[in-house]
Each structure stands twice: as C-alpha cells, then as structure tokens.
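Here the structure is laid out as structure tokens; the discussion comes afterwards.
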Amino acid sequence: TTKILTGLLVARNAALSETVTFSKKAADSVEDGDATLSIKAGEQLSVEQALSGLLLYSANEIAYGLAEHVSGSLDAFVDQMNEEAKKAGALDTHFANASGLYDANHYSTPYDMALIARTCFNNPTFLQIDSQETYTIPPTNMTNEPRTFSNRNKLLPGLDYGYAYCVGGKTGYLPEGGYTYVSYAEKDGQRLIAVCFDSTSDDRFFDAETLFNWGYKNFSK
C-alpha cells in the first residue's frame, strides 16, 4: 500500500510518455519472494507502463526505478514521500523506501493511509492507471516477450470479487505486517475509502465491501 504514494508522486511529477531507464540498483533491489516483473538493468519503459506495473502488479524494482526517475535517488524520493504524507495530514507515518519493504522505520496507520489515499483519489492520472483491470507491457529494448498481468485489486468490477462501485485500490503484503488493502469506491457521486490492515489474503476484499456497503447505507454527502 506504500506504493499508492509512490504512484501519486510519479503521476504528479512525470509525463506518462517519458522514458524510464532502470539502473542496476533498481534491477537488483528485488528480494526473494518480492513481486517483480524481472526488469533488467538498462531496460526502458514509459512512465505509463512503469506505473501500471507498480500499481497493478506491485513490482518492487519498478518502485525503485520510478523513484530514481522522479527525484534522482531513492533517498531524495523518500524525503518527498514523507513531506507529502505530512501535507495529507498523516500523524503516525514514516516512509523509509518507495516499495513498502520491511524497515523498522517504515510504518503507517489505517487512518493515515486513508488520508494519503484521499489525495491519490483526487489525482485523475493516478486513478486512470489504478483502475485498469489488466495491462500489457509490450516488448522492450531488452526483451522480446510482452508482459501481461491482472490488477491484484480483486474488488474491481471485472475481477474475482467484483464490487460494482470499486474504482481502484492497492493490495499489500509483508510477513511482518500481514495482508493490507486500500480501496476506493464511488456511488452516485459519493466517494468512500476503505483501509484494511493485518487481514488475510482474501478477507480484506470482503471486509472492504462490507465497509463500503455500511458507508453508503449510513452516510450521504
């Protein structure tokens, strides 16, 4: 779920047509068990392709490469992330990387993540990318094979647990933090955000739908 903020800062600071060239640091940043699209050092993607790999498939090396593309270095990008979190109103959040990998100095709360998610929800470019159900990255300068993947947000209408009003979201998982989920819904012009932390793999989708239904039943603009 860290990657929603990474995606927002990229959407704000880079044109979708720009070319991202992945460094060796970015390509080598993937650890065993990480989500990855096996991007190689020197490989080039457009920002649109990279953002789709980030927000739909959660590829960690893409988070690193986009951070370098926007800010010149991962550390400089993380500084921007922490500034943006404060602007969003976050009270108990600190980021140490762009991907959400475990770090004792990397933490947030459901409340803070909802505030950050609201800022993302209000960015049309972010939502355009995040709402896609599937995406294909065509062959690049370093591979002849396309990469096709589905959005891991299974609450989108055309996916496994489709909810008619879901328009975006982001899943997350770490052994130390369990399964996490941030989701957006819109019905009759009313937008809601659901955040589930410390959940299980599929229960987070059902929990989010339950929260949305409760919200639409009990609140109005």
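Structure values in brief
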{"item": "Residues of the stretch 124-152 that turn out to be open to solvent by 60 Å² or more (accessible area, probe 1.4 Å), farther than 20 Å from THR2 by Cα and not in a loop (DSSP other than H, G, I, E, B), as a count", "result": "3"}
{"item": "Leading residue by the ranking (nearest to LYS154 (Cα to Cα)) among those in the stretch 178-221 that are out of contact with any helix residue (DSSP H, G or I) (no Cβ under 9 Å at 6 or more places or on another chain) and among the hydroxyl-bearing types (Ser, Thr, Tyr)", "result": "SER201"}
{"item": "Considering residues of the stretch 20-40 that are in a loop (DSSP other than H, G, I, E, B) and among the β-branched types (Val, Ile, Thr) only, the residue modelled with the lowest pLDDT", "result": "VAL30"}
{"item": "Filter result for the condition that a residue is buried (at least 16 other Cβ atoms within 10 Å of the Cβ), hydrophobic (A, V, I, L, M, F, W, C) and touching a strand residue (DSSP E or B) at 6+ places or on another chain (Cβ under 9 Å), over LEU174, LEU192", "result": "LEU192"}
{"item": "Index of the failed condition, ARG191 passing every other in (1) in a loop (DSSP other than H, G, I, E, B); (2) more than 17 Å from LEU5 (Cβ to Cβ)", "result": "(1)"}
{"item": "Test: SER17 is surrounded by fewer than 20 Cβ atoms within 10 Å (Cβ to Cβ), of a type in the set (Gly, Ala, Ser), at pLDDT 95 or above and farther than 25 Å from LEU127 by Cβ", "result": "no"}
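The values are calculated or read from the model by the stated rules, or taken from the named source; none is laboratory data. This is a predicted model, so every value here is computed, not measured. Neighbour counts run over all protein chains shown; Cβ positions are idealised from the backbone, glycine included. Areas reflect the complete protein model, heavy atoms only, side chains present, ligands, DNA and RNA absent. Shrake-Rupley method; radii C 1.70, N 1.55, O 1.52, S 1.80 Å.
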